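A.B. asks: Quick one: structure below, then a few questions.
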Amino acid sequence: MTAKQVAMKKYVVRLSEEERERLSTLIHAGKHPARQLTKARILLKADASEAGEGWSDSQIAVALDTSIDTVARTRQQLVEEGFEAVLVRKYSPRSARERIFDGAAEAKLIALACSTPPKGRKRWTLQLLEEHVVVLDIVERASDNTIGRTLKKTRSSPTCKSNGSSHRMPTPLS
């Protein structure tokens, strides 16, 4: 890569020998998330220092089977946020939804699902459970999908034992 090409780039990657060694070790040793390995490879290929390869974004994208935008964002993140920020995945507290069923509400839902179904019904359906968790003030609102996921997550056996009889737990297809 010529000096003119380096000057045209806004975010130039220049790795120290220690950083290069760490990236090489990361790639060749142990198991790491694919995203982390890709970013490490991008940085090694984009390194414009004496020891680096200094590839262009398009060359890196083709070689690593990724997009040019990914290469550019990785390069930018290194310059703006630092070496560690590139390798560690960001966690946004806003990205995770608040759980509808806490431990106590989950226990009440399971107890309800294992209880005798309403009169005139053979078994609990997800829609029936959806209505009853609100009526019984277990939660303010919940979709049948949420109830299905919660029951699936907690189910260790396909049947509930209550009053000596066996009732099938509701499934998403019920």
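The values are calculated or read from the model by the stated rules, or taken from the named source; none is laboratory data. Since the structure is predicted, the reported quantities are computational estimates derived from the model, not experimental observations. Don't worry about glycine lacking a Cβ; one is built from the backbone with ideal geometry, like all the others, and counts go over all protein chains shown.
A.B. asks: Could you say whether any residue in segment 115-132 is among the hydrophobic types (A, V, I, L, M, F, W, C), at pLDDT below 90 and part of a loop (DSSP other than H, G, I, E, B)? Steps first, answer last, please.
C.D. replies: Restricting attention to segment 115-132, the residues satisfying the condition of being among the hydrophobic types (A, V, I, L, M, F, W, C) are 124, 126, 128-129.
When the remaining residues are screened for being at pLDDT below 90, the result is none.
So far as segment 115-132 goes, no, none of its residues is among the hydrophobic types (A, V, I, L, M, F, W, C), at pLDDT below 90 and part of a loop (DSSP other than H, G, I, E, B).
A.B. asks: Related question: Any chance segment 90-111 includes a residue that's surrounded by fewer than 18 Cβ atoms within 10 Å (Cβ to Cβ) and over 30 Å from Asn145 (Cα atoms)?
C.D. replies: Scanning segment 90-111 turns up no residue that is surrounded by fewer than 18 Cβ atoms within 10 Å (Cβ to Cβ) and over 30 Å from Asn145 (Cα atoms).
A.B. asks: Go over the candidates Val79, Val88 one by one and state the one that is under 21 Å from Arg20 (Cβ atoms) and touching a Phe, Trp or Tyr at 6+ places or on another chain (Cβ under 6 Å). Reasoning before the result, please.
C.D. replies: Numbers: Val88 fails: touching a Phe, Trp or Tyr at 6+ places or on another chain (Cβ under 6 Å).
Only one candidate passes the filter, namely Val79.
A.B. asks: Moving to a separate point now. Given the condition under 30 Å from Leu26 (Cβ atoms) and loosely packed, with under 12 Cβ neighbours inside 10 Å, answer yes or no: does some residue in segment 133-155 qualify?
C.D. replies: Restricting attention to segment 133-155, the residues satisfying the condition of being under 30 Å from Leu26 (Cβ atoms) are none.
The answer is no; no qualifying residue exists.
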